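What follows is one structure encoded as structure tokens, with my remarks underneath.
The values are calculated or read from the model by the stated rules, or taken from the named source; none is laboratory data. Keep in mind that what you see is a predicted model, and the values were worked out from it rather than measured. We place every Cβ from the backbone using ideal geometry, glycine too, and count neighbours over all the protein chains shown.
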Amino acid sequence: MGTLLKKSKTNSTLNRIAFIGNYLPRQCGIATFTTDLCEAIAKEYSSTTCIALPVNDVAAGYTYPTRVRFELTEKDIDSYLRASDFLNINNVDMVCLQFEYGIFGGKTGSHILALLRGLRMPLVTTLHTILKDPDPDQRRVLEEVAALSDRLVVMSERGSEFLQEVYNIPLEKIDMIPHGIPDVPFVDPSFNKDLFGVEGKIVLLSFGLLSSNKGIETVISALPEIVTHFPNIVYIIVGATHPHVIQQEGETYRLSLQWLAQQKGVESNVIFYNRFVNLEELIEFISAADIYITPYLNEAQITSGTLAYTLGAGKAIISTPYWYAQEILAEGRGVIVPFRDPMALAEQVINLLEHEAERHAMRKRAYLFGRNMIWSEVAKRYMESFERARVERRHFISPGYTAKALDKSSGELPPLKLDHLLNMTDKTGMFQHALFTVPNYAHGYTTDDNARALLVSILLDELGNKESIGLSSQYLAFLGFAFNSSTKRFRNFMDYQHNWLEENGSDDSHGRALLALGTVLNHSNSVAINNMAAWLFELTLPAILSTTSPRAWAFALIGIYEYSQKFAGDSRANHVRDELAKRILTLYKSNSSEKWRWYEHELTYCNAVLPHAMILCGKSIPNDAMTNAGLESLLWLADLQRSTDKHFVPIGSNGFYHQGGTRARFDQQPVEAQTMVSACLEAFRITGDKFWVKEARRAFEWFLGHNDLNLSLYDPTTGGCRDGLHSDRTNENQGAESTLAFLQSLLELRLVEQTHLSMEVLLK
């Protein structure tokens with residue numbers, strides 16, 4: 001059996017879900033199912049936007065509700081390609097496909113494959129048809145749909161068995177979720193009979209789009225025998241003839257049924273409702289039925305919405321033994337009769353009508369069983385499948401510049417491209433966020449990001465980039481403007497209108513500013529810039545002692561180390577260094593153990609900056625205990641952030657990692673890779689051990705696609721970096737923090753490469 005998904009909370013991390021399949025008002029079972037599923041999820045998860053992409057089988061299309069955002073043309077393969085592009089560009093988090101061979105164009109519905117191949121988000125597919133004996137084309141299409149899907153939903157155990165036995169699909173990929181049904185009360189059939197003018201009569205019911213495989217003639221043929229026992233019986237057949245049948249045969253089948261009723265002398269006992277009824281009307285018909293009959297002619301029916309609906313309404317049901325009926329009517333929830341056997345059918349109808357207690361017991365069993373099938377419950381199970389698909393998403397192909405695996409890499413670094421850095425920078429400084437690659441004015445600027453940008457500009461200067469001086473001046477000017485002379489702290493957040501949103505920024509922003517200023521003073525050759533940096537460093541250094549964030553201390557310590565390379569005799573700077581270093585070492589001694597070699601009882605953000613600071617302090621003070629703590633904790637962190645196939649896996653920001661708890665795998669942030677690159681390169685400079693260069697390169701490869709999803713965070717067209725790695729996709733926005741994290745990592749590796757001839761030599 002597949003994974004039987006159970007109830008989950010009505011909240012979700014999915015912001016936007018797209019449903020592909022026919023949609024009401026198109027008249028077919030798939031349209032009804034897709035609409036019901038989409039609406040159920042939209043109702044149950046109000047914070048999630050649900051959109052639909054139906055397939056049109058007629059040129060004029062249909063008058064769809066606003067939920068429909070894109071219409072496919074059944075036989076036009078280009079429309080499938082356009083739909084794929086539409087989904088990719090509209091930030092869709094999940095696609096749910098309703099798969100049925102007959103609703104998509106191409107041989108055996110193969111056009112849908114063109115759409116699925118281009119998707120860049122997870123795909124969960126509901127299989128409405130699973131053939132036991134497919135022809136080669138049918139097999140090929142379903143197998144490729146399955147391969148492109150992250151999870152497959154079946155509505156019966158038989159469906160799960162076929163997937164495993166016929167199509168070799170692993171059980172772990174299959175979710176068993178029942179067909180959804182409306183939530184209706186358990187009512188006496190007499191309650192609504194007056195609506196149809198059949199009060200006082202016994203009502204037999206069949207409904208659904210009419211076609212020759214429905215076996216309605218079997219019931220009509222059984223009626224003469226039934227009428228002899230119950231003259232007040234009436235058989236109601238609800239549903240229009242299937243549109244495709246109308247196109248090919250007209251009303252031939254319905255007329256043949258009317259003629260058969262006349263021939264059998266039961267035309268007064270048969271009522272045809274020749275139209276497509278809405279859900280409200282359908283529920284009324286079902287409620288009025290004493291017995292529901294599905295007389296399908298062959299077993300190859302893996303699911304049936306009509307049967308599910310009537311079971312959930314607590315109806316007495318008689319059915320032929322098609323696959324779905326055998327399963328859902330087991331354990332006394334209905335009666336099974338042979339295919340094409342009017343006498344057996346008549347016998348069971350008469351038996352149920354003669355034994356009222358047995359009939360009502362059957363009804364109750366059916367109704368109680370159906371409680372887990374109501375749409376609100378089914379919606380929760382689908383959402384659980386969606387969330388699982390996100391977590392398990394692993395089959396992406398990386399676009400853009402992708403580095404080879406470490407053991408095969410030539411050591412080549414990607415080219416330096418500053419287009420996005422310049423795009424995100426105006427005369428004030430660097431914008432905080434972007435919408436895709438466009439600066440987002442609404443979120444303004446931060447000292448955090450402009451400090452990072454200042455550091456990157458200094459690295460560019462070291463590598464001889466001509467634009468670096470102008471950029472350094474701009475970012476440094478921002479830090480000068482951020483300085484609050486009354487508090488001797490940096491403000492952090494500033495809106496687009498240049499209004500500061502707080503008097504004092506975060507501890508971390510203060511530490512990052514000191515890191516950048518110290519780097520300027522060690523590496524810049526511009527006297528004017530150095531003078532400004534020295535002035536700010538002098539005024540703001542003491543305030544770091546009043547902060548409480550260990551990461552702020554670590555940022556500041558790296559800046560003090562850089563500063564001291566030029567001004568080693570500054571006793572005040574040394575005092576601040578010694579005090580902050582002692583605090584971090586004390587944290588390590590207090591919290592580390594043999595299995596948890598860390599400074600705190602949790603790993604959160606910018607983790608590698610703590611061992612980085614300890615390594616530098618151990619060198620500059622000097623203090624062997626600090627050096628050992630730094631190298632020991634960095635090695636532990638490197639091991640922790642290495643996957644089984646040796647790629648870098650940073651601690652996820654969606655929960656982090658608390659000692660003794662479950663580690664968050666996602667969302668993975670670029671700054672984690674950057675701080676790891678910087679710390680490992682420092683460890684290499686201290687120890688001379690090439691192991692640390694390889695670890696730095698491992699972390700850098702994360703940007704290039706050597707990660708959990710095989711997706712490149714680096715965008716070679718802009719030189720920017722995507723904002724993170726979700727469980728199923730990248731965050732397509734390219735903000736300041738991510739782009740600067742990539743650029744800093746690249747530039748630091750280039751400087752090491754410049755010093756040691758080539759990265760290829762270092763990686764050997």
- Task: Would you please name the residue that is nearest to MET626 (Cα to Cα), looking only at residues in the range 652-684 that are in a helix (DSSP H, G or I) and among the aliphatic types (A, V, I, L, M)?
- Result: ALA683
- From the residues in the range 139-154 that are more than 16 Å from GLU165 (Cβ to Cβ) and not acidic (Asp, Glu), which one is surrounded by the fewest Cβ atoms within 10 Å (Cβ to Cβ)? ALA147
- Task: Please enumerate the residues belonging to the range 61-82 that are outside any loop (DSSP other than H, G, I, E, B), more than 24 Å from the chain's Cα centre (by Cα) and under 30 Å from ALA300 (Cα atoms).
- Result: THR73, ILE77
- Among the residues of the range 704-714, is there at least one that is among the hydroxyl-bearing types (Ser, Thr, Tyr), surrounded by fewer than 23 Cβ atoms within 10 Å (Cβ to Cβ) and not in a helix (DSSP H, G or I)? no
- Query: For ASP689, are the conditions met, namely being outside any helix (DSSP H, G or I), of a type in the set (Asp, Glu) and under 19 Å from SER633 (Cβ atoms)?
  - Reply: yes
- When the range 349-362 is checked residue by residue, the ones that are in contact (Cβ under 8 Å) with a residue 24 or more places away in the chain and either surrounded by 22 or more Cβ atoms within 10 Å (Cβ to Cβ) or touching a Leu at 6+ places or on another chain (Cβ under 8 Å) (or both) are VAL349, ARG359, MET362
- Just wondering, is there one or more residues in the range 664-671 that are aromatic (Phe, Trp, Tyr) and under 23 Å from LEU637 (Cα atoms)? yes
- Would you check which residues across the range 237-257 are over 48 Å from the mean Cα position of the chain (by Cα) and either loosely packed, with under 15 Cβ neighbours inside 10 Å or of a type in the set (Phe, Trp, Tyr) (or both) and list them? LEU255, SER256
- Output the number of residues of the range 515-555 satisfying the condition of being of a type in the set (D, E, K, R) and within 45 Å of the chain's Cα centre (by Cα). 1
- Query: Any idea which of (1) free of Cβ contacts under 8 Å to residues at least 40 places away in the same chain; (2) of a type outside the set (Gly, Ala, Ser); (3) in contact with a strand residue (DSSP E or B) (Cβ under 8 Å, 6 or more places away or on another chain) is the one TYR441 doesn't satisfy?
  - Reply: (1)
- Given (1) touching a His at 6+ places or on another chain (Cβ under 8 Å); (2) more than 14 Å from PHE207 (Cβ to Cβ); (3) not polar (S, T, N, Q), number of the condition GLY305 does not satisfy: (2)
- Query: Within the range 496-503, can one find any residue that is more than 36 Å from the chain's Cα centre (by Cα), free of Cβ contacts under 8 Å to residues at least 12 places away in the same chain and in a helix (DSSP H, G or I)?
  - Reply: no
- Among (1) at pLDDT below 95; (2) outside any helix (DSSP H, G or I); (3) buried (at least 19 other Cβ atoms within 10 Å of the Cβ), the one test that GLU199 misses: (3)
- Item | Restricting the range 83-101 to residues that are part of a helix (DSSP H, G or I) and touching a residue at least 40 places away in the same chain (Cβ under 8 Å), the residue that is surrounded by the fewest Cβ atoms within 10 Å (Cβ to Cβ) | TYR101
